[in-house]
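Q: I have a structure here, written as structure tokens, and I will follow up with some questions on it.
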Amino acid sequence: MNLKPCPFCGGEVTMQYTGSSDWEVDCKTCPVETKFWVSAQKHGYGKGEADEAERRWNTRSSEADQRDAERLKEAISDAAYEWEKYVTEDNAPVSLVTYMERAFDAAMSAQSDKEESNG
């Protein structure tokens, strides 16, 4: 098999068939472990199944998806920072989950408004 390296650490990975159309990929460097099921009926037993398992592992998200994920990570980090400031300014206690839900709703509303004004 020609497997791409781990997307998290770049380490070498191994893939093994674990039975009943189940496949597992393990990174040799970090604790990443991925399990998935491949339909032998749909892809063929043996090599067909193995080829589909390899294809799934080697499929990566697009650069646009990665940029979106990075923006989301930054937004979450910013919201957590703002929440920390909020609760240390003697405001009424609000759970982090509630604060994050409010921040997410506000961000989604702003994104929707931006899309409407552009289109």
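Q: Rank these for me by crowding, Trp57, Trp37, Trp23, going from fewest to most other beta carbons within 10 Å. Mind showing how you got there, number by number?
A: Details: Trp57 18, Trp37 10, Trp23 21.
Listing Trp57, Trp37, Trp23 from fewest to most nearby Cβ atoms yields Trp37, Trp57, Trp23.
Q: Largest first and to the nearest Å, give the Cα extent of the chain along each principal axis.
A: 61, 38, 25
Q: Taking the Cα centre of segment 13-58 as the origin, how large is its charge dipole in debye, to the nearest 20, when only Lys and Arg (+1) and Asp and Glu (-1) carry charge on their Cβ atoms?
A: Working: 6 positive and 8 negative charges, 20 e Å.
Once rounded to the nearest 20, the dipole reads 100 debye.
Q: While we're here: Could you check the spin-label model distance between Asn58 and Arg102? Points 7 Å from the Cα along Cα→Cβ, value in nm.
A: Label-label distance for Asn58 and Arg102, simple model: 4.9 nm.
Q: Need one number: convex hull volume per residue for segment 13-58, Cα atoms only, in Å³.
A: Details: hull volume 2.8 nm³, N = 46.
Here the figure is 61 Å³ per residue.
Q: Order of Arg67, Arg56 from fewest to most other C-beta atoms within 10 Å? Walk me through the numbers on the way to the answer.
A: Details: Arg67 11, Arg56 14.
The order, fewest Cβ neighbours first, is Arg67, Arg56.
Bear in mind these aren't lab numbers, they're just calculated from the coordinates by the rules spelled out. These numbers were taken from a predicted model, which means no experiment stands behind them. Positions of Cβ are backbone-derived with ideal geometry, glycine not excepted, and every protein chain shown enters the neighbour counts.
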